[in-house]
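The values are calculated or read from the model by the stated rules, or taken from the named source; none is laboratory data. Computed from a prediction, not measured in an experiment: that's the story for all the values here. Cβ sites come from the backbone with ideal geometry, for glycine too, and all protein chains shown count toward neighbours. Note: areas computed on protein heavy atoms with side chains; ligands, DNA, RNA excluded. Shrake-Rupley method; radii C 1.70, N 1.55, O 1.52, S 1.80 Å.
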Amino acid sequence: MKNRWISGNRWISGISAFILIFSLPFMNWIKVVNLVSLFSRIGVTKEMAGDLLTGYSLYNLLSFVQYANQGVLGLPAMVLLILMAAAIYFNVAFIIRTFMAGRNGRGKGELSYLAAAKCAFLFSFITALATIAFVIFSNIRFKMTGFLPSAVVFIVLAISLAAYIYIKILEKKEREKYREHGLLVELKRNWVLFVMLIPTFIYFMINNYLPMLGVYFAFTSFNFRDGLWSSPFTGFKNFEFLIKADLFRLTKNTVLYNVVFIGIGNVLQIIFAILVSRVTVKWFKKTSQTLMFMPYFVSFVILKVIVYNVFEYQYGLINNIITGFGGDRIDFYNTPSYWPFLITFFYLWKNIGYGMVVYLATIMGIDNEIYEAARVDGANDLQQIWYITLPHIKPTFIILLLYALGSIMKGQFELFYQLIGNNGVLFNATDIFDTYVYRITMTQPLSIGLGTAAGLYQSLFGFLIIVLVNYVVKKRNPEYALF
Amino acid sequence: MKKKVLSMLLSMAMVAGVITGCGSAAQSAADQLEAEGVTEIPQTEATTEATTEEAAPAEAKELDLSEQVDLVFYVMGDAPQDEELVEAALNEKLLEKCNATVDMQFSTWTDFQQKYANEITAQSADLIYIANWLNYGQLASSGAFEELDEMLDSVAPELKATVGDGALNMCKVDGKIYAVPNTWAEYVCNGVKYREDLRAKYDLPVPDSLENLEAYLLGIKENEPNQGLLTVTTEESQGLKTGFDAAWALNFKYSWVANNGLDYGLAANYDTPTDVYDYWYSDDFVDDMKLMKKWADLGFWSKSALSDTNNSDAYKNGLCVAEVAGQNPNKQVTAIADFENAGQGWESAYVAYGETNGIIFPGHATQNGTAIVRGCKNPERALLVLQTLLCDDEVNSILQYGIKGTHYDVVDGIYKNLQEEAGETPTFPYEGFNTWNIRNGETKLPQKTDVALQEMFDKYAVLGEKTKFPNVNIYDGFAENYDSYSAERSAVSNVMRQYLAPLEAGLVDDVDAAVDEFRNKMKEAGIDKCREEYTKQWVAYCEEYDYK
Amino acid sequence: MAKDLDYEPSSPKTIKKSTGTKVFEAIAYILLAIGSLVCVLPFIIIVSGSFTDNSTILIKGYSLLPRDFTFSAYETIFRSPKDILQAYKMTFYYTIVGTGLGLMMITLTGYVISRKEFKYRNTVSFLIYFTSIFGGGMIPWYLMYANVLNLKGSTLAIWFPALMSPFLVILMRTFIVGAVPDAITESAKIDGAGHFTIFFRIVLPVLKPGLATVGLFLALGYWNDWYRSSMFSTNSSTWQLQFYLYDLLNATTAMKQMASNVSMKTADLPTESVKLAMAVVATGPVLLFYPFVQRFFVSGITVGAVKG
């Protein structure tokens, strides 16, 4: 069934198409003027001018930054690029929506349609505005008029603003129809909830979001003379070493280890949590729980020493036992195939008691009456666990799982680094992304860019996976989704 | 309906095309310039501005001391307990002499490389300790420090005279001085530390060559089968020179192994530094690796040695009878003291590799120095304070030894820590602020152990005199710029960990096959590109300093 | 209202244990015993090692019982008891302030993003979760506190950065969703209760296991941390306990390495046994404290009382 309202308002997507055309790569948003005096002011030579253009779109603006060696403009140009990408994404999404609309035209389709339109136009508007701001900023910086926004920018600015206002008016009518509300009404109605979020907002702003600008360092070659924000922009040079590295092997190792850790770890944590919860003797319950918690406090530095003393070839504990029984010594430290198991074992050893707490707390949150009822109905222990405990644990399990998936490319650095160290013989089986990056950055003193680039790769990898998995989970059961 | 929309979109596209189609196509800036008839871009403002500004305060002029300046001096390591007390005494003098105070800040030894870089990035310190092992060269060339050339003349001529042009010259990076070294020459050359008592007991040769080292270790193995021989790890060999510590013993054969020579398996003899040749792809390399395998098979070190990091106390506790990596005269002096304390009749002796291969030199000037962090608000005053700290005996002794009578005393010209004498934990030990960079060779108070150390230094100084560049460390002043090949460089360093280390540890079954694999992996990693660039820079460096 | 009940699910006084239950319990005991043993063995090695002479450890290796019994490792650590007591004091301070404030902020946030009537709950969840994936790295983070906020040397820089974590917020949301059925808050709302009333009177009381879990994780995070002292402390009087010990450890290794570059006196520290003693000193108090938290995990809570 088609949504009639949307069909009637389809023409709005034409504006989006219009904006998209203006966003095509050959459209120049920024013009470079007064070439001679600009170049002489920013130290561009005649040779360098060969790589430069007289006009730039937001896509190739960074090439100006790179070839004219203007690191100062790097971050603003990068922000423009991201804004542009976002604007295009939302505009395309909006157009697609227009043609898909009505396929499942139930409920408040108009509102979400309008929200998509709003997003598209808002981002187009912001992008155009930011372009003008960029021009003003760089001109002030160079103390002369070197850049000008082209006519395209003003056209996009004007039509996106007009379209946005128009949508707002439409939206108001629709909202009244569905008794939906916007941000202001929500603020008024649930202001208490917003107040509750203020400290959280401040915290994440300071601790995470503002420092996040540092992602930009992944694209620069840092030097102290220019400082963090003005160092030369180098494009993807910092990522080269990832390609040089055996990226596939590193990714495979990291992901596989993490999958095993997450999988076995959670299963064992659940099993032990259930065991602890079923045990009746109180002192035993408490003691076993405390004892299993203890490995968490053993630092890897100490673990390394103990492990080495146990697995060493000549004097190691295990080899002493083996020779005691007349067997042959095992050369652990030169045989990679043992280590995946050993590392997994020590990971589990260290984390089971700690991770168990979450499940134990969840089990303790289950209403006892449910068990009572089951018992009266004659359910045995296994049945109680299967039909009551496990279903109650499920949401916690899924959330923990989802959360862990986001960090699937982030390895347990300390564990691997301390147990394996610099033993190259074992690297094929034990080298993960983090240890590799650590070794690389240790040989390069000014490796801010390298480290950030590596982190960005890990983040993007995890992000893609989590968005995908979260989407699937949300489709099946929105209650369990992370966001 | 659909058609209508489509046709509308199309017409819109056309309109848009017409609006922007003309005049927006960007052309090359070079073409544009060509069209305008511009042949040369005047290099005016940006470049000249800087030079004129700097040229202004040329001649020596009296520094304005009317305003008090509070400086931060960032040094390595942990603070002594009496930090505040000594700082107060120091600042009293400094206020009087240069109207400035100094606040010592300490890196602590946790993550110190990282924090050191942070400190410079944040520009919160004024004076800072520098050293080649803290990558002074790379940092300076990247602009981390203030240039000192002119300031030394105008503000601190005394400092310049004390340190001397030769040493200052060695601190030059890209032709500019960025740091002031200390004025105490020390030999941090490497060598083999071994158990003299056992050697004498079994009448073994002094391990002063590869053959003798082998004979010494074998002799001990025969006589005491359960005795550990060498404790070797990968710890001292993390750079781009060697992969496993045992390979340092090859120093007996070549003077350029381990921490002296060139990176990437390149080699250049001390006498002919610009004559760079290849080691990893030579037959010598295969022979040496076979020797390493022989040693490993003889059980000189543990089969698990690649993962062993627990080496620091092995020699001290008699778990091994020789150490071949990272052993300098100072460590020998420490070992003597340790054995004395242990009182088991053990004796430690030391052979510097230079005594066999004939190449020996003191530490480079950038071994211990002081720089002014870029962005320092009063660089001139900071330099004046540095001059006072280093040259003024009164101030220098407070900084280095604390308060006379409370912390230390001088007996027969030898430093004596009063609290240590009394059996207490010293609240301000010798060089308690870790200011090794402010050592003044002229006035430095020797400690008890320094006597033995000085003896060794004197011996080496005589040897060093005979080399081609008498007592000059030609290697450590070189700072590689790997911007253009950093990806290859990191790949190479990784191949070294993965393939060179097992070779040098003798843990491969077939040396020839393993060498082949190592060489192939190196090629894949891009060793040639690194070597080419590196050699070019190295030769240029040698030319600059006239090491020919 | 809810109240703690010492309740054991499988030992109701009215029903006699069946054979199946007995077998099941036996297996549970055996598995837990094995698990505990595996976990505690290395710890015993550590404790006995901390009482063993350093050179004995080096020569003879580790053992389950101390050989050449000595307190020298502890003497090294407690050489200046004033310092270590100060470090204990500061760590308690950071842990209490941080856990208190953090727990409050996390619970409030968890409550907000678990409210169905809050339109932006998914946006907020996403923005919080996003920080666990993307970050600008250590340097901008450091400069934020050290240069922008100028907090270097301040105690604020030590406890503030660890107040919240995306993981704990999301965990808390799960606990709240699990513990408080919508129907309850809905009916409370109809009765005219505001958000704060619902939060304090209805949500908090049934949230004990969740609060205990998140609080425990927060507190452990504070107790085990040394990194922020390393980054931001300019004076040893603000050091965290773990950093005090960790730095002692690093100083020994670093100074030994340093000695190949610089002529300097290296301190004479019994390294191996000190490492082990440090682990004991740092862990001891937590193990003493843990049983107090534990009661939230060993005794059930009846939600039923609230429903009535």
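Some values worked out for this structure:
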| read-out | value |
| --- | --- |
| Proximal charge balance of B:Glu488 [Cβ under 14 Å; K/R count +1, D/E count -1] | -1 |
| Radius of gyration, Dmax [chain A; alpha carbons; angstrom] | 29.6, 92 |
| From phi via Karplus (6.51, -1.76, 1.60), per-residue ³J(HN,Hα) for the stretch A:323-333 in Hz, x at Gly/Pro | 5, x, 8, x, x, 8, 5, 9, 8, 4, 6 |
| Convex hull of Cα atoms in the stretch A:338-405, direction-averaged projection (nm²) | 5.9 |
| Gain upon complete extension [A:Ile243, A:Ile202; 0.36 nm per residue less C-alpha separation] | 10.9 nm |
| Three-way shape label, chain B, alpha-carbon gyration tensor, a/c 1.5 | oblate |
| When the stretch A:4-180 is reduced to its Cα atoms, the Kirkwood hydrodynamic radius in Å | 17.6 |
| Between 0 and 90°, nearest 10: helix A:247-278 axis offset from chain A longest Cα axis | 50 |
| Amide H partners (placed H, <5 Å) of B:Leu71, local residues excluded | B:Thr101, B:Val102, B:Asp103 |
| Shielding by other protein chains, C:104-114, mean Cβ within 10 Å | 4 |
| B:Ile177 long-range amide H proximity, modeled H, under 5 Å | B:Leu148, B:Asp149 |
| Around B:Thr110: net Lys/Arg minus Asp/Glu count, Cβ-Cβ under 10 Å | -2 |
| Spread of Cα-to-Cα distances over 10 Å intervals beginning at zero, given as percent, for the stretch B:391-437 | 28, 58, 14, 0 |
| Cleavage-rule hits (trypsin sites (Lys or Arg not before Pro)) in the stretch B:360-400: DSSP loop, at most 13 neighbouring Cβ within 10 angstrom | B:Lys377 |
| Under 5 Å, built H, 5+ apart or other chain: amide partners of A:Gly55 | A:Val32, B:Gln27 |
| Share, in percent, of DSSP beta bridges within the protein assembly as shown that are antiparallel, nearest 5 | 75 |
| Relative contact order %, chain B, counting alpha carbon pairs below 8 Å whose residues are six or more apart | 21 |
| Equivalent ellipsoid, the stretch B:282-334 (semi-axes from 5 times Cα gyration tensor eigenvalues, Å) | 25, 15, 10 |
| GluC sites (Glu not before Pro) within the stretch B:63-120, DSSP loop, no more than 14 other Cβ atoms inside 10 Å | B:Glu67 |
| Rel. contact order, % - alpha carbon contacts under 8 angstrom, at least six apart, chain A | 15 |
| Mean Cβ count within 10 Å, highest first, over the residues of peptides B:540-547, B:354-361, A:171-178 | B:354-361, B:540-547, A:171-178 |
| Computed FRET value (nearest 0.05) for A:Val259 with C:Ile30, which takes r as the C-beta separation and R₀ as 30 Å | 0.55 |
| Radius ratio Rg over Rh of the stretch A:274-332, counting only Cα atoms, Kirkwood formula for Rh | 1.23 |
| For the pair B and A, total buried accessible area rounded to nearest 100 Å², probe 1.4 Å | 5800 |
| Neighbour net charge for B:Ala296 - beta-carbon separation under 11 angstrom, K R +1, D E -1 | +2 |
| Calculated on alpha-carbon atoms, Rg and Dmax of the protein assembly as shown in Å | 34.7, 107 |
| Karplus (6.51, -1.76, 1.60) ³J(HN,Hα), θ = phi - 60°, over the stretch B:315-332, in Hz, Gly and Pro reported as x | 5, 4, 9, x, 6, 9, 10, 7, 10, 10, 10, x, 9, 10, x, 5, 5, 4 |
| More than 19 Å apart - percent of Cα-Cα pairs taken over the stretch B:127-221 | 58 |
| Taking only Cα atoms of the stretch C:41-139, radius of gyration then Dmax in Å | 23.6, 67 |
| Cα-Cα pairs of the stretch C:80-307 separated by more than 28 Å (percent) | 45 |
| Calculated over the stretch A:244-480: convex hull of Cα atoms, volume per residue (Å³) | 173 |
| Inter-centroid distance (Cα atoms) of the stretch A:409-464 relative to the stretch A:136-161, Å | 42 |
| Per DSSP, loop trypsin sites (Lys or Arg not before Pro) in the stretch A:293-357 with at most 11 further Cβ within 10 Å | none |
| Between the stretch C:117-188 and the stretch A:1-61, the alpha-carbon center distance in angstrom | 38 |
| Sites A:Leu317 and A:Ala115, calculated FRET efficiency, Cβ-Cβ separation with R0 56 Å, nearest 0.05 | 0.30 |
